[in-house]
Amino acid sequence: MNDTSPFEVPFSDPVLIFAVVMLVILLAPLAIKRLKIPGLVGLILAGALVGPSLLGFLERDSTIDLLGTVGLLYLMFMAGLSIDLNQFEKLRNKSIGFGLLSFSLPMGGAYLMGVHLLGFSGSTSLLLGSIVGSHTLLAYPIAERLGITKNIPVTMALGGTLVTDTLSLGVLAVIAASSEGQTGIGYWIMFASQVALFITAAILIIPRLARWFFRNVKYENNTDFVFMVAVLFTTAFLAEVAGLASIIGAFFAGLLLNRFVPGTGTLMSRVQFVGNALFIPFFLISVGMLVDVEVLGSLEVWIQSFLFTLLVFSGKGLAAWLTRVALKQSAEEGWVVFGLTTPQSAATLAVTLVGYDLGFFDSTAVNAVVMMILYTCLVGPWLVEKYGRMVAIQEEEKPYEPSDAPQRILVPLANPETSDALMDIAFMVRDAKSGQAVYPLTVARDGNDVEAQVAKGEKMLSHAVIHAAAAEVPVTPITRVDLNIARGIVRAIRELRISNVIIGWNGEVSTKRRIFGSILDQLLEDLNELVMVSKIERPINTFDRMILAIPPYAALENGFAEAIRSMKLMVGQIGGSLVVVSTEDRGSFVSGRIEKIRPDLDIQYEQIQAWADLPRWLDENRQESDLFVLLSAREGTLSWRPGLDRLPRVIAQRYPELSFITVYPSEVDRSEKRSTSSESNFLLSEERVKIQLDCEQLGPMLTHLLENEPAIGDVEVDRIVKRLVESSDGYNPEVMPGVFLYESHTSKVTEQILHVGISPKGVKVDRAAHPAHLVLLLLSPKEISVQDHLEALNATAKLVHSSEVVESLKKVKDPKEVIRLLTSGRT
């Protein structure tokens, strides 16, 4: 009979051990926050308290060591998953440079101190340098909670971790091999070959495996999460086999799976929840349990711990300061980088323990390192907590453009098989700063079976709510009953003041004269808000690249900035690259506008000679993992052309497996400042209206319109007409059948002028489907801003909204009647 009490310390009952650990995870952060110290620090101190050197409740046995290792690997994995790869790619050189600086400064100081002050050998001093040169992303959860992981200096610091830890463990490998006599060229060739094989295999296998898994394996419960964890620990183990540390493998696995886990998706939420609630706290407690209170009475331990800590603070601090000055970062950002790179734990412990086993360090040095770990783990998170709040405020206070207006996203749902994909798109284009919920909507057609339809819709909404809750995105589900589905959606949009609509399409068109189908076409006719019509054929997180096709003159639309910003947000969440395709004549203007729209991304710009060449370009350049986005326009807007309406049908038929989104920019004017000079009512005048024109070609008609214009001489008229005709060669400015709009932002005029020409017979225009019966010609002086010119263009494009007005204009005999018809035809 076993008389051993279950409360005898250290506890041996596994249930009691786990209960104590969970109580520590629960209570320590709550207690320590009363002292305004980060909760992570509380877990480390609690680990020291319940560990073998104080209360002795828990022993740092194989179980605690296992759970601590799991937590450490999980922490590195989360860091790799959460890095903004687009930002990291832009900061690759800066991250590498910072990592080299953050490692070399402490390393150099440690070598000099070890050899000249502490009496260490050269090898021991190098090992000491590799200890203080590395760092662990212990404070990363704080930066994540504050929402500053996308901040440029923070991303740079995260990237620098890979450099410092790799160099640290590389030094360990060299010293360990030297101590065992493995210094021959054959050993190093074998080591380099193993590392190269591991990296190559991981890069080739993991992304392909993940893409296959997410595309073909049906999600059941938490299968996707289990897949991620399996990849994490398999990669970490194989890194050890290759001669690297397991933490490098874990971080590498996170980087390779990064693009498959959107930052605001359900899967990322699960990964973060499990890590922050369980695995990472286990690691922090295990670090605290390393503290040995008995050796604190030794003066030598205190001296060495002070010197080791001084090396870390001075080396890491100097690297952060030099980087801040060189890159012109704010003081608060510099302190956050210092706080992130100060904590020592992962590579530090690995190098220390291996160095102790090999005889380079004695017990005094090991305990000094443990105390140094404690100091740095206390200071680093505190700095990130304090100054990270200031950085978060700075990010919030950065000036917004008009396109930064808060979003209210509506997602009409009708098909359970596509509802998750549509909701995922909404999560990706949603700006978390807006604080707005996503509105999933179902509309039941009123009739005999309306109750069954409502019940079906509520079931779909319930699934959408669960899906959003897992991604930690607030939602407000909406149900409507209406005789007309499109009218029910429009009514919800009006009532809720929606700014963005994301709706699905199956690729089928009911009649040739429609773009998508009856419901979608009705919505486009009735709505002015941004609409994204989505035909998604594969999981959102499997796309590697977004191809964004921008027609000529689309960059002049009022809603262009808002649409581009949504696409940039989506690319940032997917983690892929962005390729913008535009025509050669508009390429420089398009890129100039896009670069001014936040967030900043690395963008590849491709140009085609004419818009009609887009299908051919897709044939030659599209890839299996592409998401194609077409920036379209509604009929009657500045950039609309008849060919745009046919293009979605052509794409769906030509590339049935291609996922694509057709985006209709908002026509809602969000600018606060309205200038009367940009209103076409103000620009219309009888003197510049010419009726009953009898011209057969476009050039003579434009010349006739500008004749006798006081602001322009005859020579300048010819130059302006020539430029207008040349600019329309690749993309005719037909805003609706029979109506053509020409524009120029020119130095030849001193004020905005609008000419109107009417030809009852019609003027032939090359590459146009219809003859020109109404020609609108807008000229703006260079002194007027691009925005004012843009507003005047959009107002001019909206002068005619129906074919009835065009037919009436053909019969007009008086310029006054032309102005009346144009102004009364405005909506």
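The values are calculated or read from the model by the stated rules, or taken from the named source; none is laboratory data. This is a predicted model, so every value here is computed, not measured. So basically every Cβ, Gly included, is an ideal-geometry build from the backbone, and we count neighbours across all protein chains shown. Surface accessibility is based on the protein's heavy atoms, side chains included, excluding ligands, DNA and RNA. Shrake-Rupley method; radii C 1.70, N 1.55, O 1.52, S 1.80 Å.
Details
- Kirkwood Rh (inverse of mean 1/r, distinct Cα pairs), region 184-252, angstrom: 13.2
- Fraction of beta bridges assigned by DSSP in the chain that are antiparallel (%, nearest 5): 20
- One quarter of the convex hull surface built on the alpha carbon atoms of region 552-618 amounts to 4.5 nm², the projected area averaged over directions.
- Per-residue 3J(HN,Hα) values for region 590-595, derived from phi via the Karplus relation 6.51 cos²θ - 1.76 cosθ + 1.60 with θ = phi - 60°, read 4, 5, x, 5, 5, 5 Hz in sequence order (x marks Gly and Pro).
- Computed over all pairs of different Cα atoms, the Kirkwood value for the hydrodynamic radius of the chain is 30.4 Å.
- Simple Cβ-charge dipole of region 48-178, Lys/Arg +1 and Asp/Glu -1, about Cα centre, in debye nearest 20: 400
- Between Leu638 and any residue 5 or more places off or on another chain, the built amide H atoms are never under 5 Å apart.
- Amide H contacts of Tyr605: Val580, each under 5 Å away and 5 or more positions distant or on a separate chain (H built 1.01 Å from N in the peptide plane; Pro and chain starts excluded).
- For the chain, the residue among Tyr111, Ile550, Gly170 whose Cα projects farthest onto the positive side of the dipole built from Cβ charges is Ile550.
- Principal axis extents of the C-alpha atoms in region 742-809 (largest first, rounded to whole Å): 37, 23, 19.
- Percent of C-alpha pairs per 5 Å bin in region 421-574, short distances first: 1, 8, 15, 20, 22, 18, 10, 4, 2, 0.
- Based on DSSP H segments of at least four residues, each scored -39500 (n - 2.57), the chain has a per-residue ellipticity at 222 nm of -18000 deg cm²/dmol.
- When the chain is described by a simple charge dipole with +1 on each Lys and Arg Cβ and -1 on each Asp and Glu Cβ, the residue from Pro771, His704, Leu422 located farthest towards its positive end is His704.
- Long-range HN-HN contacts of Val812 with modeled amide H, under 5 Å: none
- Extension gain, Val15 back to Asn484 (0.36 nm per residue minus Cα-Cα distance, nm): 162.8 nm
- Rough spin-label spacing in nm, given labels placed 7 Å along Cα→Cβ, for Ala230 and Tyr187: 3.8
- Converting phi to 3J(HN,Hα) with the Karplus coefficients 6.51, -1.76 and 1.60 and the offset θ = phi - 60°, region 375-383 yields 4, 5, 6, 7, 6, x, x, 5, 5 Hz in sequence order, with x at every glycine or proline.
- Here the accessible area of region 8-153 is 67 percent carbon and sulfur, with a 1.4 angstrom probe and all protein chains present.
- Volume per residue of the convex hull around the Cα atoms, evaluated for region 589-658, comes out as 127 Å³.
- Scattering curve values for region 21-164, log₁₀ I(q)/I(0), Debye with Cα scatterers, q = 0.13, 0.15 Å⁻¹: -0.81, -0.99
- Counting only alpha carbon atoms, the long axis of helix 485-496 and the longest principal axis of the chain meet at about 70°.
- Here's the picture: charge each Lys and Arg Cβ at +1 and each Asp and Glu Cβ at -1 in the chain, and of Leu26, Ala326, Gly97 the one pushed furthest to the positive end of that dipole is Ala326.
- Extension gain, Ala432-Ile303: 0.36 nm per intervening residue step, less the Cα-Cα distance, totals 41.6 nm.
- Solvent exposure of the chain as accessible area per residue, Å², 1.4 Å probe: 43
- Rg/Rg_globular for region 301-392, with Rg_globular taken as 2.2 N^0.38 Å and Rg from C-alpha atoms: 1.21
- The alpha carbon gyration tensor of region 116-183 gives principal lengths a ≥ b ≥ c with a/c of 1.5 or higher and a/b greater than b/c, which makes the shape prolate.
- D (Stokes-Einstein, µm²/s), Kirkwood Cα radius, region 519-631, 0.890 mPa s at 25 °C: 165
- Cα shape, region 6-79, gyration tensor, a/c 1.5 rule: oblate
- Where Rh is the Kirkwood radius over Cα pairs, Rg/Rh for region 232-289: 1.04
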